[in-house]
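The values are calculated or read from the model by the stated rules, or taken from the named source; none is laboratory data. What you are looking at is a predicted structure, and each value in this text was computed from that prediction instead of being measured. Backbone-built Cβ (ideal geometry, glycine too); neighbour counts: all protein chains shown.
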Amino acid sequence: MTVPAWRDGLRRVFRAPAVVAGVFAFTLFAALPLALALRGALEAHMGRSLMADAAAEAVNYDWWQEFASQASGLATTFSPAIVGFAATLDNLSSVLDAEPEVLPITAALAAYLVAWTFLSGGILDRLARQRPTRTFGFFGASGVFFWRFLRLSVIAGLVYWFLFSYVHAWLLDEGFRRLTRDVAVERDAFLWRIALYMVFGACLVAANITFDYARIRLVVEDRRSALGALRAALRFVGRHPRTVIGLYALNALVFFVLLGVWSLVAPGAGPVGGLMWVGFAVAQLYVLARIVVKLQFIASQTALFQASMAHAAYTAAPAPVWPESPAVEAIAGVSSTTLR
Amino acid sequence: MHGVMLRSKAAAAALLLVGLVGVEARQAGVQRFDRPQPGARSPRNANYDIDVTLDHAARSLTGRETIRWRNISANPTSELQFHLYWNAWRNLDSTWLRERRLAGDSTPPRADAWGSIDVTRLRVRRPARTDGSFGGIRTNPSFAVQTEGLNGESNTGWIDLTSEQRFLAPDDGNAEDRTVMGVPLPFAVQPQETLDVELAWTGKIPRPFARTGYVDDYYFIAQWFPKLGVLEDRGWNTHQFHRVTEFYSDYGVYDVRITAPREFVVGATGCRASLTPEPPVACAEGIVWLGNNYPQNTHRYWAADVHDFAWTASTRFIDVRRMFEHPGLPRVEMRLLLQPEHAGQETRHFDATAATLRYYGEWFGPYPYNHITIVDPAFQSGSGGMEYPTLFTAGSRLIAPSRVPQPESVTIHEAGHQFWYGIVGSNEFEHAWMDEGLNTFSTARVIDEAGSPDRLALRFFGGFIPWVIEDVRLSRATDGNRLTGYRDNAEADVQATPTFRYWPGTATFITYNKTALWLHTLERHLGWPVLQRIMSTYFDRWKFRHPQPADFFAVVSEVAGRDMSWFFDEAYRSSNVFDYGVQSFTSTRVRLKPDTTSEVRLTPDAVQSASEGTKEPNGYRTVVVVRRFGEAVFPVDVVTTFRDGARVTERWDGRDRRIIYTYNRPSEGLSVEVDPERVLLLDVNYTNNSATLELRAGDASLKWSLKWLVWLQDLMLTYAFFV
């Protein structure tokens, strides 16, 4: 069931180009204000200096360091880590190593995640129904599920907070330090680090899978209770562990393949002009692919859930008044779910 | 006429200065009798004969030593002072640990981390023999194992002073600090008189502190034995062990026998004179001989004309050797003790060491020893990047991309310390810049000259995974000389302050970075041939001696042929910041008088009258205001470029707060640069050194904000994992 669900998820994502485009635009416009603020800071620092010439043509590392030494807040994130694939490594590493972000970035991330939480209802609804829901339906579903998702997010937030504040500190800070303080061979320490990442990653993935299916059950089954959805998700994962984990692993594999490709093609600094825009376009293609992969996680898990819950009683009770849960629509024959 | 007279006077003064200093080619040092012993390179006034046993199970050392010490100061002394460095980790209130807390690290050492040293016996005597031989300390290594010191001498005349030892705290009066031990003598040791001192001691080996200690089966043993301070003409110079400073001691001969479990590979200062039980003759050097059944081996190392002795032991070392050969320089056997996980990095270590021996040898003076040992430290040993005579620790990583200068930069730096520290023995407690700063400058120069890797790598995932930023090339001038660290801490301390009094958190920036930057500034100001002669003269004059800052400055002025004290007043004797910049730059259309197309220097009030604005504009009035934003003064060039390609260069002495240049020319001004060759590398803000009327900041900021935008999008999508 894993591969069919994955294929069906991919099909659902590709048949929802407006969702893909919308999430892309949302991600772009969420980042744009801060980028404009940074641009202002860079321009102000360069002023009329000739240092801008070298910075425009390639990397002017002297100027960069000079800028960094006077930077504060948002501008402190302007480091060589933003160049090419280093940006991706930097971000993954900062999450896995629980490195705090500066306040403006934290605020932007919080806003972005809240907005994602809002849009998730519409996205899930669209992917579950497998037909265009149009703007009214999309945002209607977003609105309907937002408060339920928000309640679920409180629980998720607590779980992730616990994981990063305690489990991470216990494993990768204190644990790693204790395990490796007497290690004379770096390779051994590296293996310990990998092992601890795997343990912590497994905790993260377990939480992630559970909350993913809880969201799916909230939407597909039109559940009101976040706790009930969470219990239901746990039951679902418990009853289908191999397919659930297999599907997650397959999606993760696709994610890592994408990162591999990106590591090869990620554009470097380059000069201003046409090449700059080509590089930016390539980077946006990568962002688009990341969004497709993210949606693919959601869509394939939704497909798996819908394919697995073959009994009729799981649907929500109310009559199909728009917007209605996809499960109800399926019963009413509004749309045809072809997944077997 | 007036100008000619001034120039003549200046030339005469310079000649007089050169003449005066040149006559006294050998400047007076801190010790009146610091001339080399006959047939030796150094005074050899502190000679150590040491037996030490490593107890691997107990993590301890037991040792005894005999010091034959000669008073080479101008005055008699009735006291001996010793460093007991390992007592820096004896208690929480040692000066070293107090200063570590000041630097921001308040983590107390773990229970099994402490180290200490206790002198269990101390006795002295005036030797009866005066034939120049050193009793048990031989001037040539014998391959027979010595069992006891003081061969052939009577065992009489010793005065036991064990009970007389007391702890001194000359720097901060800290009664809890036991890193300096003083012993009063029952007699005065006269200038040039010799004294034998015998000590026995035990040492608890710490977990790594200050690059000494053990981890697993790796030991790096430094500052491990009771060591005499330096008796200068003005008295004993024996500082406590400080967090930010290193060491200072006299030159001598070290004859050391290290007894360790036989499975350990041992490396040490000097060359190995013997191994007991001796391996078969057929057993090649460098091969660990495990053909006996004795539980322990005794490794005898011998080194002459050095001022310290360090050693290492590990069961895992790969022992590799290669010969350094370069025309005009002596051959040197390079020995590398490599961690097995770094197998494959041998060439990088050897090439970096060879580049150091070559370039330092060519620029400053040849490496005088025929051996050098490179120790690749164990992970978590904290012993990487440290220098000791004829032996140093480098430092590499499991994943070490070839385009990134690690291990090259640390290897070159520590190998370079053989010259600036090992051979020129400056006082690291008081003037750490004299070795660290000179060496940072020299390191960057060698890296540049040798074409070593120069890309920037960032490390992720706990520091284990490097990623090379191909677009970022590290430059010698700014990255090699570490401008960034200095820029952020430029006013932290006056460099002339004794180093041990620097603020612990920022000492390194004043010691390493600032010196390298002002030396490179001097190189660009005077030219490399002159600076090279300065440094080689200084090296030759002060090798195997203890120079003071004034000695270096004197050589600079002497070789440069002019008084450079103004520069050291700014760079060394003050914490003033250098910052020149363009305050304003305008170029406006004006009607020019026929005779005003010239460069004139005007006051702001006079600018308006420089042209007539009543008729059709036929040219441009370009006004440049250059400002000294910082307090420090240095002469700078100001280059104005015009749209027709013309360039006008002005030389400004940089003393006033600002200077105004006005140009009435047919062509519009395009840009202005202050110090365009970047001679003044100490300038903390180079962005403000130029201005242009063709702005590129918009393009550049657009490009970089787009890069950053992608980074932020990526970050947002990474966090989207959680929703």
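Structure values in brief
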item: Qualifying positions in the range B:99-114 - more than 27 Å from the chain's Cα centre (by Cα) and surrounded by 14 or more Cβ atoms within 10 Å (Cβ to Cβ); result: B:P109, B:A113, B:W114
item: Condition check for B:R487: more than 30 Å from A:R193 (Cβ to Cβ) and either at pLDDT below 95 or buried (at least 18 other Cβ atoms within 10 Å of the Cβ) (or both); result: yes
item: Of the criteria (1) surrounded by fewer than 19 Cβ atoms within 10 Å (Cβ to Cβ); (2) more than 32 Å from the chain's Cα centre (by Cα), which one A:A25 fails; result: (2)
item: Sole exception among (1) out of contact with any strand residue (DSSP E or B) (no Cβ under 7 Å at 6 or more places or on another chain); (2) among the hydrophobic types (A, V, I, L, M, F, W, C); (3) surrounded by 17 or more Cβ atoms within 10 Å (Cβ to Cβ) for A:L264, by number; result: (3)
item: Among residues of the range B:685-723, those that are assigned to a loop (DSSP other than H, G, I, E, B), within 7 Å of another protein chain (Cβ to nearest Cβ) and under 29 Å from B:R628 (Cα atoms), counted; result: 4
item: Scan of the range A:178-226 for residues that are of a type in the set (S, T, Y), more than 10 Å from chain B (Cβ to nearest Cβ) and part of a helix (DSSP H, G or I), ordered by number; result: A:T210, A:Y213
item: Among the residues listed as B:I117, B:I72, the single one being at pLDDT 95 or above, part of a loop (DSSP other than H, G, I, E, B) and surrounded by 17 or more Cβ atoms within 10 Å (Cβ to Cβ); result: B:I72
item: Residue ID - farthest from B:R455 (Cα to Cα), chosen from residues in the range A:86-118 that are more than 9 Å from chain B (Cβ to nearest Cβ) and touching a residue at least 40 places away in the same chain (Cβ under 8 Å); result: A:A115
item: Residues of the range B:449-468 satisfying the condition of being more than 7 Å from chain A (Cβ to nearest Cβ), of a type in the set (G, A, S) and crowded, with 16+ Cβ neighbours inside 10 Å; result: B:A450, B:S452, B:A457
item: Residues located in the range B:83-101, provided they are outside any loop (DSSP other than H, G, I, E, B) and farther than 15 Å from B:A222 by Cα; result: B:T95, B:W96, B:L97, B:R98, B:E99, B:R100, B:R101
item: Where a residue in the range A:284-309 is in contact (Cβ under 8 Å) with a residue 40 or more places away in the chain and its partner, wherever it lies, is charged (D, E, K, R) and in a loop (DSSP other than H, G, I, E, B), with Cβ under 7 Å and at least six apart; result: A:A307/A:R340
item: Residue, farthest from A:W64 (Cα to Cα), within the range A:239-273, restricted to residues that are away from chain B (no Cβ under 12 Å) and small (G, A, S); result: A:G246
item: Of all residues making up the range A:62-78, the number that are more than 7 Å from every other protein chain (Cβ to nearest Cβ) and not in a loop (DSSP other than H, G, I, E, B); result: 9
item: Any hit, the range A:38-45, residues being outside any helix (DSSP H, G or I) and facing chain B (nearest Cβ under 7 Å); result: no
item: Scope the range A:84-114; condition closer than 30 Å to A:F145 by Cα and buried (at least 16 other Cβ atoms within 10 Å of the Cβ); matching residues; result: A:N91, A:L92, A:V95, A:L96, A:E101, A:P104, A:I105, A:A108, A:L109, A:Y112, A:L113
item: Residue check for A:F297: modelled with pLDDT of 90 or more, more than 30 Å from A:F85 (Cα to Cα), surrounded by 15 or more Cβ atoms within 10 Å (Cβ to Cβ) and within 26 Å of the chain's Cα centre (by Cα); result: no
item: Criterion violated by A:L234 - all others in (1) farther than 16 Å from A:V205 by Cα; (2) within 22 Å of the chain's Cα centre (by Cα) satisfied; result: (1)
item: Checking A:I245 against (1) in contact with a Phe, Trp or Tyr (Cβ under 8 Å, 6 or more places away or on another chain); (2) at pLDDT 95 or above, the condition it does not meet; result: (1)
item: Verdict on A:L172 being buried (at least 16 other Cβ atoms within 10 Å of the Cβ), under 24 Å from B:Y719 (Cβ atoms) and more than 7 Å from chain B (Cβ to nearest Cβ); result: yes
item: Candidates A:V13, A:V59, A:V19 - the one that is within 7 Å of chain B (Cβ to nearest Cβ) and either more than 30 Å from B:A490 (Cβ to Cβ) or not in a helix (DSSP H, G or I) (or both); result: A:V59
item: Qualifying residue in the range B:662-678 (condition: touching a residue at least 60 places away in the same chain (Cβ under 8 Å), within 12 Å of chain A (Cβ to nearest Cβ), closer than 30 Å to B:N513 by Cα and basic (K, R)); result: yes
item: Pairs where the first residue, in the range B:469-487, is more than 7 Å from chain A (Cβ to nearest Cβ) and over 13 Å from B:T440 (Cα atoms) and the second is among the aliphatic types (A, V, I, L, M) and surrounded by fewer than 23 Cβ atoms within 10 Å (Cβ to Cβ), C-beta under 7 Å, 6+ apart; result: B:L474/B:L456
item: Criterion (more than 21 Å from B:N576 (Cβ to Cβ) and either modelled with pLDDT under 95 or touching a helix residue (DSSP H, G or I) at 6+ places or on another chain (Cβ under 9 Å) (or both)) met by exactly one of B:E650, B:E673; result: B:E673
item: Elements of type strands (runs of 3 or more DSSP E) contained in the range B:352-403, each with 1 or more residues being within 14 Å of B:L329 (Cα to Cα) and either at pLDDT 95 or above or touching a Cys at 6+ places or on another chain (Cβ under 7 Å) (or both); result: B:371-375
